[in-house]
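Take a look at the structure below.
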Amino acid sequence: MAKFKYALFYDFHTLATIPDVGAKFDVEAFTDQVKACGVDFLTFHARCNQGSAYYNTKIGTRHPSLQYDLIGKLCKSCTKKGIRLSLYFNGHLSEEETLAHLDWADLPFSPELRTNKANPFYHQVCYNSPFREHMRDMALELARNYRFDGFFFDCLGASDCVCPRCVKEMKEKGIDYTNREEVLKFSAFSVHRMCVFLNEAIRKAKPDALMFFNGRPFEEVIDMESHLECECLPTAGWGYDCLPSYAHYMRTVAGPEKSVLNMTGRFNNWGDFGGLRTAEGLEFDLFYGAANGMRPDIGGHYHPRGDLDLPVFDRIREVYRNMQQYDEWVIDAENDNDVALVYPRYERYYAPASVGCRAAVRMLDELKIQFDFVSEYSSWDQYKLLIFPDDAPFSPEMTKRVEAHLKSGGAVLATSKSGLDKDGKKFTVSSWPVVYEKPIGHDPFFFQPSGKYAAGLPDMPLALYATGSKVKAVKGAKVEMVCVKPYMNYGWDGFRGNYYIPPQGPTDEPFLVEKGNIVYVAGELFAGYHKRAPKQLRELLENVLNRLDPAPKLRTENLPSFARAIVQKKGKKYETVHLMAYCPERRCEAMCVEDRISVLNTKLALRTDGRKIKKVYLAPDRKALPFEIKDGYCTVSLDVFTGYTLVVFES
Ligand SMILES: [Zn+2]
């Protein structure tokens with residue numbers, strides 16, 4: 001179990017043909033810079049993706065141009081300066097070692113998916129090859145000879161190896177090695193077995209080692225890990241919708257005793273030596289993470305020669321010093337929510353994931369709802385409202401939990417196929433408002449706003465931009481909105497392309513149905529928002545939440561949809577609202593954040609939950625804000641805030 005405050009992560013993947021590795025590396029100057037950023041945890045490479053080691057090894061191969069024991073110096077320096085150090089190993093990629101040991105390489109099932117030879121992912125190692133013992137022996141060699149804190153094993157995703165070793169074992173186990181999906185499942189099993197193997201060996205030698213296996217499903221390996229790390233460079237392939245999903249989910253797996261590191265990058269992508277993102281872009285990622293219980297971790301790639309690149313440290317220091325002003329209120333603060341977005345975890349994913357989940361996280365953030373994102377892994381007991389987006393099947397365990405939740409007065413929102421059994425045939429909860437018939441069949445799919453959930457919605461058939469389910473309401477359920485039939489579906493009728501398709505008229509097919517504390521929407525509301533982001537779908541969600549969660553933890557006025565407002569608490573003394581006004585923008589092929597935005601006349605109302613609030617102020621200067629307590633809410637107004645601000649409600 002490990003807790004960190006500020007972290008840095010360095011890539012040091014270095015081609016064997018680079019001639020001057022370490023020539024200018026001043027380890028003390030480097031760690032001085034690290035220390036000056038207020039960093040207490042550093043990850044640096046013992047052995048890189050290219051397969052070279054950076055220490056004196058009898059088992060691996062030290063980089064051919066490195067003239068001294070770089071890791072040895074770094075270990076000593078970090079120990080002296082009180083910086084915890086994890087050593088990086090790539091657990092799946094190694095150019096030099098696969099060139100030296102051809103039988104360690106994997107044999108891809110689909111080589112056509114691996115055609116880019118100028119890429120570290122071209123050379124992958126089989127998890128069942130002697131590479132496994134080789135890596136263990138290198139790790140143990142380090143543990144024996146050096147003083148450091150732990151290991152980071154990278155790139156541990158399932159691959160599709162069908163080398164003779166893997167096929168032999170698959171045959172023995174009766175696995176269909178001609179089916180890529182089955183091969184991937186076997187690989188997931190193999191890589192998990194390798195993690196267990198490494199963990200057991202390392203812990204015998206170094207029982208308190210920090211440990212993280214990057215690329216394995218968090219829930220599967222958490223018991224072996226000291227903490228969690230969320231690798232997410234929003235400007236690279238991850239995008240700006242990835243961190244929010246992980247941020248709301250990972251804390252529910254880590255629990256309060258293990259840090260969750262929020263790894264972003266000083267650059268725009270891995271391997272981008274010349275990239276330097278703006279302080280505004282970095283702080284948006286890192287404040288968002290901190291507001292959700294994550295600790296900041298900035299990734300970079302150290303120049304192999306050892307160039308210090310001071311502007312990078314200047315930028316990191318600027319961002320971390322900004323964040324450090326809020327430590328008193330933010331470090332060890334918790335997110336204690338009564339709404340949960342729920343989705344089962346599928347095999348091989350790091351975390352629960354679907355298009356609907358991602359859109360749901362975004363919509364809830366835009367509505368300033370305080371929520372967790374959970375799977376079956378964690379308890380749901382604390383939540384008053386459970387939201388199941390679009391296609392969350394119910395296992396017998398989930399059914400049992402939902403029935404208990406309803407019985408104790410909890411509320412449920414489910415859309416389309418959520419709540420069906422694993423075969424997609426039947427809703428499993430006995431008090432469900434509808435019976436499933438079949439997929440809706442309308443394409444395009446419209447609905448008619450009406451009834452008590454239609455407040456603010458245009459009075460016309462509205463497009464959903466997604467599909468849905470045809471259902472029948474049960475006795476005692478109330479149909480609030482119905483589906484609207486299109487004249488015909490999109491497609492080609494043999495003569496004409498059916499493209500311009502108006503709504504024809506309402507049907508008797510339910511669109512929104514309520515029964516007791518369950519609201520069911522027959523359309524894939526969240527997938528529709530993912531596709532076109534229509535404000536009407538978010539307004540519909542807001543209307544449903546106003547009914548199912550009538551006294552939310554936070555109410556806001558005059559906060560734009562792109563702004564974020566996240567509530568935390570720290571002990572009995574502090575409740576805080578993190579306000580963020582940044583807006584990732586698409587610029588040609590890229591996404592970026594360059595500016596802090598000013599927001600005027602914001603009003604916040606925080607549910608007090610019986611706390612006796614003595615003062616409200618803006619951190620870090622403790623600038624007092626007048627407040628009013630009424631009907632269980634403490635209300636304050638901010639004339640203006642720019643970028644990030646922290647409002648503290650002190651009891
Ligand atoms: Zn293999």
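The values are calculated or read from the model by the stated rules, or taken from the named source; none is laboratory data. None of the values given here were measured: they were computed from a predicted structure. All Cβ positions, even for glycine, are placed from backbone atoms using ideal geometry, and neighbour counts span all protein chains on display. All accessible areas refer to the heavy atoms of the entire protein, side chains included, with ligands and DNA or RNA removed. Shrake-Rupley method; radii C 1.70, N 1.55, O 1.52, S 1.80 Å.
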*Hits in segment 524-548 - residues which are over 20 Å from residue 392 (Cα atoms) and open to solvent by 20 Å² or more (accessible area, probe 1.4 Å)*: 532, 533, 535, 536, 539, 542, 543, 546, 547
*Those residues that are more than 19 Å from residue 129 (Cβ to Cβ), open to solvent by 30 Å² or more (accessible area, probe 1.4 Å) and in contact (Cβ under 8 Å) with a residue 40 or more places away in the chain, I need them from segment 58-79; list them, please.*
58, 64, 67, 68, 73, 76, 79
*Residues satisfying the stated conditions in segment 63-88, i.e. under 16 Å from residue 305 (Cβ atoms) and either among the basic types (Lys, Arg) or part of a loop (DSSP other than H, G, I, E, B) (or both)*: 63, 64, 65, 66, 67, 68, 73
_Qualifying positions in segment 278-302 - surrounded by 17 or more Cβ atoms within 10 Å (Cβ to Cβ) and more than 29 Å from residue 570 (Cβ to Cβ)_ = 300, 301, 302
*Among the residues of segment 146-158, is there at least one that is out of contact with any Gly (no Cβ under 8 Å at 6 or more places or on another chain) and within 22 Å of residue 181 (Cβ to Cβ)?*
yes
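Out of the residues in segment 100-116 that are acidic (Asp, Glu) and either away from the ligand (no atom under 11 Å from the Cβ) or not in a loop (DSSP other than H, G, I, E, B) (or both), which is nearest to residue 160 (Cα to Cα)? Spell out how you get there, then give the answer.
If we filter segment 100-116 for residues that are acidic (Asp, Glu), which is where we start, we get 103, 106, 112.
Right, trim to either away from the ligand (no atom under 11 Å from the Cβ) or not in a loop (DSSP other than H, G, I, E, B) (or both) and you get 103, 112.
On the way: 103: 16, 112: 12 Å.
Filtering segment 100-116 for residues that are acidic (Asp, Glu) and either away from the ligand (no atom under 11 Å from the Cβ) or not in a loop (DSSP other than H, G, I, E, B) (or both), the one nearest to residue 160 (Cα to Cα) comes out as 112.
Please give the strands (runs of 3 or more DSSP E) falling wholly within segment 549-598 in which 3 or more residues are over 21 Å from the mean Cα position of the chain (by Cα).
On the way: elements: 554-557, 564-570, 574-580, 585-587, 590-592.
The qualifying strands (runs of 3 or more DSSP E) are 554-557, 574-580.
To keep it simple, each residue is scored yes or no on (1) touching a residue at least 60 places away in the same chain (Cβ under 8 Å); (2) closer than 26 Å to residue 331 by Cα; (3) not in a helix (DSSP H, G or I).
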position	(1), (2), (3)
22	yes, no, yes
32	no, yes, no
39	yes, yes, yes
42	no, yes, yes
98	no, no, no
*Condition test on residue 76, is it farther than 19 Å from residue 152 by Cβ, of a type in the set (Lys, Arg) and under 33 Å from the mean Cα position of the chain (by Cα)?*
no
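Look at residue 243 and say whether it is away from the ligand (no atom under 16 Å from the Cβ), part of a helix (DSSP H, G or I) and either open to solvent by less than 10 Å² (accessible area, probe 1.4 Å) or of a type in the set (S, T, N, Q) (or both). Spell out how you get there, then give the answer.
Numbers: away from the ligand (no atom under 16 Å from the Cβ): yes; part of a helix (DSSP H, G or I): yes; either open to solvent by less than 10 Å² (accessible area, probe 1.4 Å) or of a type in the set (S, T, N, Q) (or both): no.
No: the conditions fail for residue 243.
Kindly provide the set of residues from segment 469-511 that are among the small types (Gly, Ala, Ser) and more than 27 Å from residue 393 (Cβ to Cβ), ordered by number.
If we filter segment 469-511 for residues that are among the small types (Gly, Ala, Ser), which is where we start, we get 469, 473, 476-477, 491, 494, 497, 505.
Hits for segment 469-511 are 491, 494, 497, 505.
Criterion first (under 19 Å from the mean Cα position of the chain (by Cα), away from the ligand (no atom under 16 Å from the Cβ), of a type in the set (A, V, I, L, M) and open to solvent by less than 10 Å² (accessible area, probe 1.4 Å)) does residue 233 satisfy it? Spell out the reasoning first.
On the way: under 19 Å from the mean Cα position of the chain (by Cα): yes; away from the ligand (no atom under 16 Å from the Cβ): yes; of a type in the set (A, V, I, L, M): yes; open to solvent by less than 10 Å² (accessible area, probe 1.4 Å): yes.
Taking the combined requirement at face value, the residue satisfies it.
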*Among (1) open to solvent by 70 Å² or more (accessible area, probe 1.4 Å); (2) more than 15 Å from the ligand (Cβ to nearest atom), the one test that residue 119 misses*: (1)
_Identity of the residue in segment 425-448, under 24 Å from residue 505 (Cβ atoms) and touching a helix residue (DSSP H, G or I) at 6+ places or on another chain (Cβ under 9 Å), that ends up surrounded by the fewest Cβ atoms within 10 Å (Cβ to Cβ)_ = 445
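Go through segment 165-196 and give me each residue that's among the hydrophobic types (A, V, I, L, M, F, W, C), open to solvent by 50 Å² or more (accessible area, probe 1.4 Å) and touching a residue at least 24 places away in the same chain (Cβ under 8 Å). First the steps, then the outcome.
Taking segment 165-196 first, the residues among the hydrophobic types (A, V, I, L, M, F, W, C) are 166-167, 170, 175, 183-184, 186, 188-189, 191, 194-196.
Applying the additional criterion that residues be open to solvent by 50 Å² or more (accessible area, probe 1.4 Å) yields 189.
Matches in segment 165-196: none.
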_Taking the conditions exactly as written (of a type in the set (Ser, Thr, Tyr) and in contact with a helix residue (DSSP H, G or I) (Cβ under 9 Å, 6 or more places away or on another chain)), does residue 644 satisfy them or not?_
yes
_Can you say whether residue 605 is touching a residue at least 24 places away in the same chain (Cβ under 8 Å), in contact with a Ser or Thr (Cβ under 9 Å, 6 or more places away or on another chain) and either open to solvent by 20 Å² or more (accessible area, probe 1.4 Å) or farther than 17 Å from residue 566 by Cβ (or both), as far as the supplied structure shows?_
no
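Quick check, is residue 84 open to solvent by 50 Å² or more (accessible area, probe 1.4 Å) and more than 28 Å from the chain's Cα centre (by Cα)?
Values: open to solvent by 50 Å² or more (accessible area, probe 1.4 Å): yes; more than 28 Å from the chain's Cα centre (by Cα): no.
Answer is no for this residue.
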*asked:* Quick check on segment 122-140: of everything there that is part of a loop (DSSP other than H, G, I, E, B) and either in contact with a Ser or Thr (Cβ under 7 Å, 6 or more places away or on another chain) or closer than 17 Å to residue 48 by Cβ (or both), which residue is nearest to the ligand (Cβ to nearest atom)?
replied: 128
*Among helices (runs of 4 or more DSSP H) lying entirely in segment 158-227, which contain 1 or more residues that are more than 13 Å from the ligand (Cβ to nearest atom) and under 22 Å from the mean Cα position of the chain (by Cα)?*
180-205, 218-221
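Would you mind stating whether residue 152 is among the aromatic types (Phe, Trp, Tyr), within 16 Å of the ligand (Cβ to nearest atom) and either touching a residue at least 12 places away in the same chain (Cβ under 8 Å) or over 28 Å from residue 77 (Cβ atoms) (or both)?
Details: among the aromatic types (Phe, Trp, Tyr): yes; within 16 Å of the ligand (Cβ to nearest atom): no; either touching a residue at least 12 places away in the same chain (Cβ under 8 Å) or over 28 Å from residue 77 (Cβ atoms) (or both): yes.
Judged against the criteria, residue 152 is not a match.
Give the residue that is modelled with the lowest pLDDT, with candidates limited to residues of segment 341-373 that are farther than 12 Å from residue 245 by Cα, in contact with a helix residue (DSSP H, G or I) (Cβ under 9 Å, 6 or more places away or on another chain) and not basic (Lys, Arg).
From segment 341-373, those farther than 12 Å from residue 245 by Cα are 344-349, 366-370; that's our starting set.
Narrowing further to those that are in contact with a helix residue (DSSP H, G or I) (Cβ under 9 Å, 6 or more places away or on another chain): 344-345, 347-348, 366-367, 369-370.
Of the ones still in play, those that are also not basic (Lys, Arg) are 344, 347, 366-367, 369-370.
Values: 344: 92, 347: 66, 366: 98, 367: 98, 369: 98, 370: 98.
Only one residue fits best here, namely 347.
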